[in-house]
Amino acid sequence: MLVDMHLHEKTFSHDSFLSMKEIVDIAKLRGLDAVCITDHDDMGMKDLVREYSEELEFPIFVGVEFFSLWGDITAWGIDTIPDHRIGAQDFIDHVNASGGFCVSCHPFRNNNRGLEDNLRRVRGLHGVEVLNGSASMEANRTALRYCRELGLKAIGGSDAHNTAQVAKYVTWLPETVTTLPDFVAQLRSRDTKPAIWNGSGFDIVDTF
């Protein structure tokens, strides 16, 4: 299963130019099996995409990119998010209490929104976004090094806000699933690998 785990749709992420239709059209064209909408501090798309996803028979998993006091964390499998900024550990604990899955996204991107060395301080984080479409390759390689050191799951996501970015980086999972609970369960229990769009398909990689 190939899924872009970090996408922003313009309805609730106001820095995005992407419509849901554009996201799905590009994802299907490139052979993805699903996409994730991880809007900034908002899960409003959760209800909006349910019918659309069923109509297209294409899974759309809605999570969130939450801006904790130490940096951004993407999460899936939670019903609510805090109504104000809280510590990274508090948010991770909230996700785990719900049986969800959470990832440090773009931890070393130069936008002051990554966990950076706080990756070593938090407990209960499940993965690290080792390939982020808006981060430099140097920053991504640093993320990969920390991911391996900490024994966390390697995740790829485009962080797309426009059509050119969609599916630049994605995540490979061993089993194709169609529901959010099954997606979260697989993320928590199975291997993940980042993958890179090469112009005609995806290269599943261990290093880059």
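The values are calculated or read from the model by the stated rules, or taken from the named source; none is laboratory data. No experiment lies behind these values; they were computed from the predicted model shown. Cβ: placed from backbone, ideal geometry, glycine included. Neighbour counts: every protein chain shown.
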### Query
Which members of region 180-208 meet the condition of being of a type in the set (Val, Ile, Thr) and either part of a helix (DSSP H, G or I) or under 16 Å from the mean Cα position of the chain (by Cα) (or both)?
184, 192, 196
### Query
Which one is nearest to residue 4 (Cα to Cα) among residues in region 134-156 that are out of contact with any Gly (no Cβ under 7 Å at 6 or more places or on another chain) and assigned to a loop (DSSP other than H, G, I, E, B)?
134
### Summary
The lone condition residue 63 fails out of (1) closer than 16 Å to residue 128 by Cα; (2) without any contact (Cβ under 8 Å) to a residue 24 or more places away in the chain is (2)
### Query
Could you list, in sequence order, the residues of region 32-62 that are assigned to a loop (DSSP other than H, G, I, E, B) and among the small types (Gly, Ala, Ser)?
44
### Task
Kindly indicate whether any position in region 63-85 is assigned to a helix (DSSP H, G or I) and surrounded by fewer than 23 Cβ atoms within 10 Å (Cβ to Cβ).
no
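Give the residue, chosen from 58, 66, 101, that is farther than 30 Å from residue 145 by Cα, among the aromatic types (Phe, Trp, Tyr) and modelled with pLDDT of 95 or more. If you could, list the steps in order and put the result at the bottom.
Values: 66 fails: farther than 30 Å from residue 145 by Cα; 101 fails: farther than 30 Å from residue 145 by Cα.
Of 58, 66, 101, the one residue that is farther than 30 Å from residue 145 by Cα, among the aromatic types (Phe, Trp, Tyr) and modelled with pLDDT of 95 or more is 58.
Please state which one of 156, 151 is surrounded by 12 or more Cβ atoms within 10 Å (Cβ to Cβ), within 28 Å of residue 123 (Cβ to Cβ) and either among the polar types (S, T, N, Q) or modelled with pLDDT of 95 or more (or both). First the steps, then the outcome.
On the way: 151 fails: surrounded by 12 or more Cβ atoms within 10 Å (Cβ to Cβ).
156 is the lone residue from the list that is surrounded by 12 or more Cβ atoms within 10 Å (Cβ to Cβ), within 28 Å of residue 123 (Cβ to Cβ) and either among the polar types (S, T, N, Q) or modelled with pLDDT of 95 or more (or both).
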#### Entry: region 85-109 residues that are of a type in the set (Lys, Arg), paired with ones that are part of a helix (DSSP H, G or I) (beta carbon under 6 Å, 6 or more apart)
109/139
### Query
Is there any pair with a first residue in region 179-190 that is under 12 Å from residue 153 (Cα atoms) and a second that is among the small types (Gly, Ala, Ser) whose Cβ atoms are under 9 Å apart and which are 6 or more apart or on different chains, and what are they?
187/77; 187/127; 188/77; 188/99; 188/100
### Query
residue 195: touching a strand residue (DSSP E or B) at 6+ places or on another chain (Cβ under 7 Å) and in contact (Cβ under 8 Å) with a residue 40 or more places away in the chain, yes or no?
yes
### Summary
The condition of being surrounded by fewer than 23 Cβ atoms within 10 Å (Cβ to Cβ), in contact with a helix residue (DSSP H, G or I) (Cβ under 6 Å, 6 or more places away or on another chain) and not small (Gly, Ala, Ser) holds, among 177, 166, 130, only for 177
### Summary
Taking region 1-32 and the residues there that are surrounded by fewer than 19 Cβ atoms within 10 Å (Cβ to Cβ), among the acidic types (Asp, Glu) and in contact (Cβ under 8 Å) with a residue 40 or more places away in the chain, the one that is farthest from residue 161 (Cα to Cα) would be 22
### Output for region 96-108, where each listed residue is part of a loop (DSSP other than H, G, I, E, B) and surrounded by fewer than 22 Cβ atoms within 10 Å (Cβ to Cβ)
98, 99, 100
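Identify, please: which residue in region 163-175 is in contact (Cβ under 8 Å) with a residue 60 or more places away in the chain and within 14 Å of residue 27 (Cβ to Cβ) and is, among those, farthest from the chain's Cα centre (by Cα)?
Residue satisfying both the conditions and the ranking: 163.
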### Query
Among (1) more than 17 Å from the chain's Cα centre (by Cα); (2) part of a strand (DSSP E or B); (3) not hydroxyl-bearing (Ser, Thr, Tyr), where does residue 128 come up short?
(1)
